[in-house]
1. Suppose the chain between residue 45 and residue 375 were pulled fully straight at 0.36 nm per residue; how much longer would it get relative to their current alpha carbon spacing?
2. Under a plain spin-label model, where a point goes 7 Å from the Cα along Cα-to-Cβ, how far apart in nm are residue 5 and residue 287?
3. Please express the shape of segment 390-491 as an equivalent ellipsoid: the semi-axes are the square roots of 5 times the eigenvalues of the C-alpha gyration tensor, given largest first in whole angstrom.
4. Rounded to the nearest 0.05, what FRET efficiency do residue 482 and residue 308 give with R0 = 56 Å and r taken as the Cβ-Cβ distance? Could you check?
5. Multiplying the sequence separation of residue 277 and residue 117 by 0.36 nm and subtracting their Cα-Cα distance, what value in nm do you get?
6. Can you sort 69, 395, 635 from fewest to most other Cβ atoms within 10 Å of each residue's own Cβ?
7. What's the exposure ranking of 307, 428, going from fewest to most Cβ atoms within 10 Å?
8. Below 8 Å between Cα atoms, with a sequence gap of 6+, how large is the relative contact order for segment 422-488 in percent?
């Protein structure tokens, strides 16, 4: 490969060095500007801090409507301040100091005792001494035009001063003294001027200038030095290249023979003349890396620059061991970077030749592309590690079900070691819980070459039982034949037991909730019986009076008897309604929604009527559903009861509860609306929590809505939710109607 001309190379490096030097000088200048901005920002922040500290002093003073100090001869009452003094019981003079006067006194102390200068300024001051000067006037007018700005600054380079004016706004407490000036709350009434010496800043800036110039000069000098060094290096390289070209021509015929042989074998030949420090890469060697022959020069650097950093150290060590005769042959596996940026795995083999004195003079070897083999090895290694560290039990069997492999998770769960499990049939784990028909279904599914999923209750080696969730699939070869079975299993013992505990707890809480409602039900019975009993009593009294006066009329007696029969039937029906409410649901039943709502009204309607609550029902007679009707009845009563109690807490004239039933897609929706006010956003997320109640402790258990949600979502496979609507709230009971599940 012919090198570019020396002038071209030198020109390239000159351009490259100039570009790098320019970048470095740009970086130096940019760093200088950033540091300069940082210094200015630091001074600005310091001035802001002074201003904010004074504002805090003023706020403290304002919080107490001014403070009083004893007169000591150095301070006299402020003539511009109302209520500027008072006297103690001992007739001592106390002078009132308001925020503005305190600010001016602090400023006078700072101005005389420190390098920092403070001044309070206003365009319309009570005290003429606070009249704004030219700079202060410019700042205050700026604030009035720019309401969102808080600071106005300038740098006086002649006096080496940084000046900041901070805005002061009129607050309610300010109007006690300044109302007569026509101020309103939020107006700009003045500002505080902070003056900071910046001599130290100037010194730091001069230091930055010095370092910037020094670094720039250093870059220029270093660039010249690099160019000189590169010139001598390039000159040396070209001399050596001339020698290598002569050697290359001498052995060209031999290399051609090598090239023919290597091209045919698809091996990448490399020939390294150690003594002359030259190397040859065959056309096939370069082709492995995606290059044409002329795209890569015959230089060891071409190999060195492409070796993966993680592989380079071991590769050089193996080369040195062979050159030092520690190994008979050189062999190493490493990665080389392809032209497209990917990595090619190379099996590198070779041998070193030595002179009579045992010094290495030449190495000859071949590259073999083993990328596909190595990638397959790594994928297998990853898969092996994934299986070994999987939290799931993995079992592979032959077509007869005999175990060929189990992972560590299997041995941990079952207690069987790898050696004990291999060769056995998974039936060693079988318990009496899983039926024969379930196993037959499993094998029928697998023999159809389909995936099977299910649960097992198995036995460990020590005899203890455990639950597993399993996915079993046949492994099919290219011919479509089953060669193995793969089972992936997860122990779910804790989950099964937890589900049982949760189910038992929910059923217990539902029962408790239902019995907790007994008191309410007894009260409802009393209300519903009061009127019929009064009627019975009145009829009885009328009959007794007729008998007493001998004025018994058969017709009237018959009417009274008929009325007694109707009232006793009503009382009997009331008992049946409440008795049915407490009956447990044995199984789901198909019923009309309107029937359930009718039973609800039979039980709870009187309570609503007694509280002057209007009840509107909109339900199609044909809407049917398969549910646990007693549980759904309990949910509706819970919601109606909550609405009734909400009305009792509020004075609402037109009390309304509306029950609407309609279909939405694949479910039936029962909407229960009341106008007893909306639910506060702050408690929305808590109202379905157990034992959370907005009622007084004696009337609310906090279980009603929690159990209602549990019944609807866990027992009825539906959803219970709510939303604030108009002047009240709507609760929605969504129940699936598809397949009546």
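1. Computed gain between residue 45 and residue 375 is 112.9 nm.
2. The two pseudo-label positions are separated by 3.5 nm.
3. Semi-axes, largest first: 21, 16, 12 Å.
4. Taking R0 as 56 Å, the efficiency between residue 482 and residue 308 is 0.85.
5. Length gained between residue 277 and residue 117: 50.0 nm.
6. 69, 395, 635
7. 428, 307
8. Worked out over segment 422-488, it gives 25 percent.
No value in this document is a laboratory result; all are computed from the given coordinates. The shown structure was predicted, so the numbers you read here are calculated from the model rather than taken from an experiment. When we count neighbours, we look across all protein chains shown, and the Cβ atoms used for this are built from the backbone with ideal geometry, even at glycine.
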